[in-house]
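One structure is given here, and the rest of the page talks about it.
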Amino acid sequence: MGPSVLMILGFLLSQALSSDMQDYHDMTIERDVTGVLGEDVYLHCLYPGNDNDTLIMSSWSRLGSKKKLAVYSSQKSITSEGFSALSSPSNLTVRMRVLSLDAEGKYTCEFVSLEDQVKKQVSLTVLVRPDVTVEVEEETQSGTHYQSVSCSTTNAKPEPQISWEIGDRNASDVIFSVQKESVHHANGTLDLTQVLRFPTHLNDEGTVVCVVQHPALPEPRRTAALVQTFVAPDITMETGLVVESGDGGERTLRVVNCTAMGGRPQPEIAWRLPGEENTLSARVWSDDGVFISSVSLPAGGHEGENVTCVVSHPKLTRNARTLTLPSYYLSSIQLVVNSSTESGTALESLLLEEGEPGKALALEVLGDVPSYQTECTKDRASLPHGVELLGGVLSFRGPMALCYAGLYECRASFYKHTASVQLDVSVKPGIQAPILVVPNIKMKTWRELDSVIFECSALDAVPSPNVSWSLPPDLTGEMALNTSSRNGSDSATATLTLSACLPVERTVLCLVEHPLFEDPESREITLPACARPNITVQSGVVWEQGSAYAEVECRVESVRPRANVSWCVEDSPYDGSDVDLLGKEDRAEGVEGLVVTSVLQLPFAEYLGKSVVCVVRHQSLLDPERRVVQVQPTEPAETRAILVTEYDFPRLRAVCVYSGQSGSVNITWLLPDNNTAERVVSSSVREGSKFRANASYEFPLERHEGRALTCIIHQEHGPVERRVVQVPLYYISSVSVMNKTTRVYGEEVVLHRVALRQHLSHQKILLRVNGNVPNSQIVCSRSDSSAAPSVQDTSALSSALVFPMAVSQREAGQYVCRASFHHHSATVYILVEVTSEEAEHMTFISICFSTALAIILIVIVTLCVFCKRHGHPAEKENRKKLESISTLTSLMHDPRSPELKKAALPGVRGHQYAELVSIILVEKTTV
């Protein structure tokens, strides 16, 4: 107590003399400190003395507040939120987190020692770093596009400085205007916004940078904004001619295009012609920054005139482009003979002879006009019948007639340009030729049975025509010719009969010869190729009188005529010869088309694995078609071997099964050590085309347990197959009781104690066999070898000990349940207890009473320990007495579970344990 009193007296004296002593010491301190909101700031303060052991306390506090923000006393550092720990009593340098603007103010650094009290003040100024945002807006006023760049700083302290960088230009330039707006907040911060506005067409810089300077920023913050810039387009003009089709025919137009490429924004394009005030209507379209305006003019309406394209754009000073339209001329037109045998000189007169063949004259137009129209007249009237102007050719169709004679004039024109030529045509009368009549040619086709008939007729001709057929070299047919006369004219008819089904497409010609024909007139007839037959082959196995036959069916679907089907056996590559087999059956059906079915039966065993060929001949096939079928069973044979374990059968049975189409099967069992099973039960049965056989071998489990048995299957006409059955190695590890049990250890066995409710019926004790046996048999009995109430199997490996009647104390006792599978077995011992509802209630009450008593004792012991540590020494003796009583009370409490409190059966260790507890209680009481 002595040192503490001295320390308190020293502290009071130092407080009384602190004002006088602090003038005699020079503290190391930083008086003015600047911090940034959200960051750390350091407050520096060092004690001037040399002996640190004399310091009682060092602290930081805020001016006007009695609360200590950081204290170093009794070799411990205590700080409030936001202050770091102090390193020593003489070094009060502290790291402070500036969490709000309220942190700004004056802080006092104070040292208290036994001799004096020293303190000084530090002034903290808080800065707030601004948030900078930049936005760009567009507007159009009086047809001029403006852009405004807004640079905003929010929550800044003190006020920041905003400036602009615009390439090599200054924001004070005449095209720029700057507006400033600020908003002050109650906490001392402010929001500052500057808006830079300029016309877009006067600024060529695509980037505007906002520069913000502030004491809390280590360097000026630059924020760039992308602004639009205008680009002057490249203007080009071009012209060309197009031909348009309409209701009035085709017309030629001159199209003038004015193209503005790469301009931004989109320019406006207008047109004008000299002397015209109104702007021409135009079509405008754009594609990827290319703007095109197009006007259409009559091709000859504005020759030699100027067309002006006016482009309006903010960046253009010269916005008009002019194009002069071309001028044309049409000098002359002349008629020349359109023949390679005559000269191409111009004609002024032409002499024709009556009856001679036709003649054609070409019109040649000289000039540079893009197009022109031509017309010809005869004696200033329309052209006579037989004379026509087509495609610039004046044609006189033969034979020449006297009406062709006259003065012809042909004229070419293109708008105001015209040219004409005259031609004097004379026709010399000719000798009168005999009257000839052109034959009328007709074709007719029809079918008869398997043939097609073509009829070619040349009717009512003068003189008689000649009709014939022209066939390909590899095609033959029957031809017939019939002639007749009527009213001075002759007719001829030629018929051709061909097969209705040909393997490939064929073309035949009907030729008609007549004096009026320079070359024979021909009529072409194409006979399509006949459809190829559809051939399907399938095979199967049939049984007749105990013998197996391979039945092969070849089905041919074809058009008429009927297909021919034959068979052969293919043991070697096909040499083209067919060998007919006995047993063939053919069937044909159909009207328009035919279906031929040929069925062949062969001894299955004799032809197994061989190939049978179906050969089909038909008129639609150039070569016979072959289909190969291999004689095999329709379904593969199935063999398997299984091991059968039955619940109520004392022996295991290995079964080997065959299912297939073989005529005979021999099945044997090969046992371990190459022994053959003698007692094998075999059976076989035939179901339709299938043959089924099996062989069973029965044996006790212990004879072959864990070993392999082999089944050997010999087929009559097939391979020998082996199937193996592995006899598992079984075991039964234990029998588990699925009910809630407790284990009781008897003299030699472990009993599973199960509690049953008194007066309830149909109670079950569920049992489960642990092991790998497929099934088991469980038999239960009482300890006196009497039968159990009931045993009911619920599955192969689980059973239940059932008490169907109301349970009473007679059912209590020991039971033995034995699970067995052949020579494997396991036993479980069950101790059945019968409980009543009253006993359960008493047990619950005793547990609750014991628990409450234990809690009371724990509280008493705790109070005793507390009184021992803080009470009078005279009470120690009482505490010892309480401890003795507590120990004795805990020993008197029965630690056994409710189950062990019950009377144990003779021979059970639970009873011995109860007696041992009683003895211990007696001994403690004696002591």
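What follows draws every value from the coordinates through simple rules; no lab data is involved. From a predicted model like this one, the values you see are computed outputs, not experimental measurements. Don't worry about glycine lacking a Cβ; one is built from the backbone with ideal geometry, like all the others, and counts go over all protein chains shown.
Values computed for the structure shown
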{"item": "Vicinal HN-Hα couplings computed from phi for segment 491-496 (Karplus, 6.51 cos²θ - 1.76 cosθ + 1.60; Hz; Gly/Pro x)", "result": "9, 9, 10, 10, 10, 9"}
{"item": "Relative contact order of segment 663-786, pairs being alpha-carbon contacts under 8 Å that are 6 or more residues apart, as %", "result": "19"}
{"item": "P(r) tail fraction, segment 638-726 - alpha-carbon pairs more than 17 Å apart, %", "result": "47"}
{"item": "Sparse-neighbourhood loop sites, trypsin sites (Lys or Arg not before Pro) in segment 352-415 - DSSP loop, at most 16 other Cβ within 10 angstrom", "result": "ARG380, ARG397"}
{"item": "Burial ranking of peptide ranges 142-155, 733-746, 837-850 (average Cβ count within 10 Å, highest at the top)", "result": "142-155, 733-746, 837-850"}
{"item": "Segment 131-226, relative contact order [Cα under 8 Å, separation at least 6], %", "result": "33"}
{"item": "Relative contact order (%) - criterion: Cα under 8 Å, at least six apart; region: segment 26-148", "result": "29"}
{"item": "For segment 768-782, 3J(HN,Hα) per residue [Karplus equation, 6.51 cos²θ - 1.76 cosθ + 1.60, θ = phi - 60°, Hz, x = Gly/Pro]", "result": "9, 8, 9, x, 10, 6, x, 7, 7, 10, 10, 10, 10, 8, 7"}
{"item": "Bridge type composition, segment 376-457 - antiparallel percent by DSSP, nearest 5", "result": "100"}
{"item": "GluC sites (Glu not before Pro) lying in DSSP loop within segment 671-769, provided at most 11 other Cβ fall within 10 Å", "result": "GLU678, GLU747, GLU748"}
{"item": "Amide H within-cut-off set for GLY771, under 5 Å, with H built and near neighbours excluded", "result": "SER733"}
{"item": "Table column - 3J(HN,Hα) (Hz), segment 401-407, Karplus curve with 6.51, -1.76, 1.60, x for Gly and Pro", "result": "10, 5, 6, 6, 6, x, 9"}
{"item": "DSSP-assigned coil residues among chymotrypsin sites (Phe, Trp or Tyr not before Pro) in segment 288-367, each with at most 15 further Cβ atoms within 10 Å", "result": "TYR329"}
{"item": "Built amide H within the under 5 Å cut-off of LEU475, gap 5+", "result": "none"}
